[in-house]
Structures are given as C-alpha cells and as structure tokens.
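A short reminder: the numbers here are calculations on the coordinates, not readings from a lab. Remember, it's a predicted structure, so these values are computed and weren't measured experimentally. Backbone-built Cβ (ideal geometry, glycine too); neighbour counts: all protein chains shown.
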Amino acid sequence: MRHYCLCLFIGLLAVAFLQSGVLANNANMPNECCFNYYPRKIPIAKVTSYIETRVDCNKPGVILVTQKGFRICVNAGLSWVKSALKMIDDRDF
C-alpha cells in the first residue's frame, strides 16, 4: 500500500510539473517585449526582418533583426522606424 501511494504521489507531481510548463508558454518572455529602446537610427540595409512586440508588453515597440542576428528594440512611433518597416515589407514582396 505504501508503494502504491508513493507511485501515485510521484505521478501527480509529474503532472503538476507538466502543467506548469504548459502555462509558462503563454507568459511574456523577455525577448518578446522591449524594456529599453535603442537610441540611434539603424541603417535599413542591415535589417533583415522585424517583430512587433506583443500588445500586453509594457512598452510597445518593434524588434529589428539584423543580418548578424542581433535583435534591437526600437520605438515604433518614430518616423524612421515606420518608413523602415514599410521598406522591409515592400522588399519582402
């Protein structure tokens, strides 16, 4: 009987760990939100793509991905960022 209870406890513990992992997939990851904006303009030729931050992030922004794979947060409201995003979208078509 004691062995049965131990197996049941370990099984329930494993289910709890799996459930917490599934719930954590919906959490905001630091790479999905901008905490600080890069202050300088980035040459559009060095940018390969962009990712818009999630709507539930504290600071709305855009993550620019460079040719070398760097991810740089910029303020989406700046005029140079808006024109850069348009150029990237046009370039992808």
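Among 38, 50, the ranking by other beta carbons within 10 Å of each residue's beta carbon, starting with the fewest, stands as 38, 50. The residues neighbouring residue 32, those whose beta-carbon lies less than 13 Å from its own, together hold a net charge of +1 under the Lys/Arg +1, Asp/Glu -1 convention.
Within the stretch 28-92, the proportion of C-alpha pairs whose separation exceeds 20 Å stands at 20%.
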